[in-house]
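Novice: Below are the structure tokens for one structure; questions will follow.
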Amino acid sequence: MRWDVKSAPTLWGPEIGVSIDFMEPGNKPATAKKHCPKRLRISKQPFAIGGMRLAYYAVTNAGHRYVVKRLLREAIQPENNVAAFLEDTNAHREAAGLAVAFGDRCKLHKIGARMEYGPLYIVQIPCMDEVSSSGQMTVLLLEQYLEGKFTKWNTNTGNAYSHFTYCKTHKAADGPKLVVDIQGVKDAEKTLYHLTDPAVHFAGGGCCGFGDTNCGTRGIKSFFDSHQCNSVCRSLGLRGKPSS
């Protein structure tokens with residue numbers, strides 16, 4: 001991607017204002033607002049199209065890089081689009097907390113693996129569509145761009161983290177959870193995983209939604225049907241699996 005707006009102006013839309021609707025994970029408002037950009041330029045074309053989202057590059061005039069995601073099928077009322085993205089932030093928050101706990105367990109057992117999920121924001125910008133009514137806003141999910149080679153980890157560490165999330169939560173009052181889709185980039189020392197876009201399978205009830213990728217008990221069973229415990233699982237003492 002040519003991030004320099006001046007050298008590739010046709011790739012980018014105009015600079016626009018950004019307002020925060022919601023922030024995760026657990027950021028103090030003052031800190032979150034400091035790190036959330038107030039103005040952005042968004043690429044005119046998405047770089048990825050999924051079943052539910054469009055993903056665009058975004059950049060500030062100072063050169064800070066971001067990714068914004070837009071619903072493929074948007075509701076007319078912005079608050080309904082915010083509600084849809086809240087399920088993404090629920091999954092992000094759950095995965096972020098469990099990633100910290102996983103890192104603590106790895107440190108205790110002298111395993112050099114840490115994982116983190118960066119800040120995630122629901123924001124509104126002036127409407128991205130020229131044909132839409134005047135004054136209408138577009139709701140987006142915004143996070144920092146991850147520098148480096150993007151990878152999905154079905155490796156020992158990635159699988160052990162997923163296994164850990166089930167063991168950590170399987171006795172929780174609201175029911176067990178399993179974090180999957182372990183993806184992102186590694187830092188230069190190869191010990192810190194910067195992660196994004198988790199999916200959470202939740203086997204409990206209640207009103208806690210984790211979006212369309214939550215396959216519940218079926219998703220948890222599917223993971224363990226194919227999961228083979230590895231050296232990291234054994235080092236961490238991970239033995240918990242759902243009853244057949």
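Nothing in this text is a laboratory measurement; each read-out follows from the coordinates by a stated rule. Predicted model, so just to flag it, every value in this text is computed and none were measured. Backbone-built Cβ (ideal geometry, glycine too); neighbour counts: all protein chains shown.
Novice: Find which of 140, 202, 43 sits farthest along the positive direction of the dipole of the chain, computed with +1 on the beta-carbon of Lys and Arg, -1 on that of Asp and Glu, about the Cα centre.
Specialist: 202
Novice: What is the Cα coordinate range of region 103-243 on the first, second and third principal axes, sorted by size from largest, in whole angstrom?
Specialist: 58, 40, 24
Novice: On to the next question. Ignoring solvent entirely, what values of log10 I(q)/I(0) come out of the Debye formula for the chain at 0.16, 0.17, 0.18 Å⁻¹ when each Cα is a single scatterer?
Specialist: So the normalised log intensities work out to -1.19, -1.29, -1.40.
Novice: Would you mind putting 177-188, 224-235, 39-50 in packing order, based on average other-beta-carbon counts within 10 Å, highest first?
Specialist: Values: 177-188: 20.1, 224-235: 13.9, 39-50: 15.5.
In decreasing order of mean packing, 177-188, 224-235, 39-50 become 177-188, 39-50, 224-235.
Novice: What does the charge add up to near residue 139, with Lys and Arg as +1, Asp and Glu as -1, over the other residues with Cβ less than 11 Å from its Cβ? Let's see the in-between values first.
Specialist: Values: positive: 69, 70; negative: 21, 74, 79.
Neighbourhood net charge equals -1.
Novice: Sticking with this structure for a sec: What Rg and what Dmax come out for region 64-146 when only alpha-carbon atoms are used, in angstroms?
Specialist: So, for region 64-146, Rg and Dmax equal 17.1, 58 Å respectively.
Novice: Once you charge only the Cβ atoms, +1 for Lys and Arg and -1 for Asp and Glu, what is the size of the charge dipole of the chain about its Cα centre, to the nearest 20 debye?
Specialist: Values: 31 positive and 22 negative charges, 174 e Å.
Magnitude of the dipole: close to 840 debye.
Novice: So, one more: Projected onto the charge dipole of the chain (+1 at Lys/Arg Cβ, -1 at Asp/Glu Cβ, origin at the Cα centre), which of 231, 120, 216 gives the Cα projection farthest towards the positive end?
Specialist: Of 231, 120, 216, it is 231.
Novice: Also, I was wondering about something else. Where nothing but the Cβ of Lys and Arg (+1) and of Asp and Glu (-1) is charged, how large is the charge dipole of region 40-149 around its Cα centre, in debye to the nearest 20?
Specialist: On the way: 13 positive and 11 negative charges, 105 e Å.
Computed charge dipole of region 40-149: roughly 500 debye.
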